[in-house]
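These notes are about the structure you will find just below.
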Amino acid sequence: MKKAFYIFLALFVLLVSGCATSSELTALRSDLSQQMEAKLTAVDGQIADLKKEQEKNSQALGSMRKGQANTSADFAELRDQIQQLRGQVETLQKSTARDTGKEDDYNKQLNTILLKINFIENFLEIGKKHTLSDESYDVTVSTGDAPAKPDRATLYSAAYQLFKDGQYARARSAFQDFLTAHPKSEYSDNAQFWMGECFFFEKNYERAILEYEKVTKNYPDGNRVPYALLKQGLSFFNLGDKTSARLLLQQVIRDFPNTNQARIARSKLQEIK
């Protein structure tokens, strides 16, 4: 920068003194132009580097948010399954209490199972009624202004809460609204999968199959693909189409061999055989 200043100063002096030749002025102008061009190029390079760094940070943040959403959804699903298991065990405990002779043996076995469930709940901290993943989001501001526009995480969380509450029709509508507004966000493959789950739990297996298919077609790189394929297979099985069910379960085992979904698929294939 100092060099450019001195060149400019020399050019000014020569012009004032009137002793500069045309070739000298041209050379000075050329030198000055080259110096400024170099500086501008360097600044452009710094700006480009900053933009790249910003894009990397944005991608990392998006991946982290998606991972958190998936983890929260998985924990919520596991919690629901444990609660269902607890209800089944307690029902069985009441029914065996009416029997005689083996009552003590049954109760000992059931108490052992309940202790294991309690241990899992305490270890995973999913036995608490209110957890961070279950908290609802406040989508309005407290300043008296108009309601703030909810972000992607808020919309997704609200839709998933409806699903957990068993309000499947409302949940489907909320997930569809989310996908319409954010078809390619970090939560979109999850939202599409839960739409299939809504139909599955309503025992509308034909529609569930179609929604699961959208997961595999629209989000082939998402981590919900093995879940969707597995649930497609179970849906076909529930419809009595064992051939299609078998093919899909075999695909899960082939494409995702070291996953829980593959283990479930193997177990289900034993039933089909």
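Couple of notes before you dig in:
- Yes/no for PHE175 being within 26 Å of ALA153 (Cβ to Cβ) and surrounded by 21 or more Cβ atoms within 10 Å (Cβ to Cβ): yes
- Only residues that are assigned to a loop (DSSP other than H, G, I, E, B) and either in contact (Cβ under 8 Å) with a residue 12 or more places away in the chain or outside the structural domain of VAL252 (by TED's automatic domain parsing) (or both) were counted in segment 184-227, giving 9.
- Here ALA191 fits the description: modelled with pLDDT of 95 or more and within 16 Å of the chain's Cα centre (by Cα).
- Count of residues meeting criterion [more than 29 Å from the chain's Cα centre (by Cα), assigned to a helix (DSSP H, G or I) and basic (Lys, Arg)] in segment 236-273: 1
- Residue tally, condition of a type in the set (A, V, I, L, M, F, W, C) and under 17 Å from the mean Cα position of the chain (by Cα), over segment 194-214: 2
- Residues being at pLDDT 95 or above and touching a helix residue (DSSP H, G or I) at 6+ places or on another chain (Cβ under 6 Å) - total across segment 205-223: 10
The values are calculated or read from the model by the stated rules, or taken from the named source; none is laboratory data. Bear in mind the structure is a predicted one, so any value in this text is a computation, not a measurement. Here the Cβ is made from the backbone with ideal geometry for all residues, glycine too, and neighbour counts use every protein chain on show.
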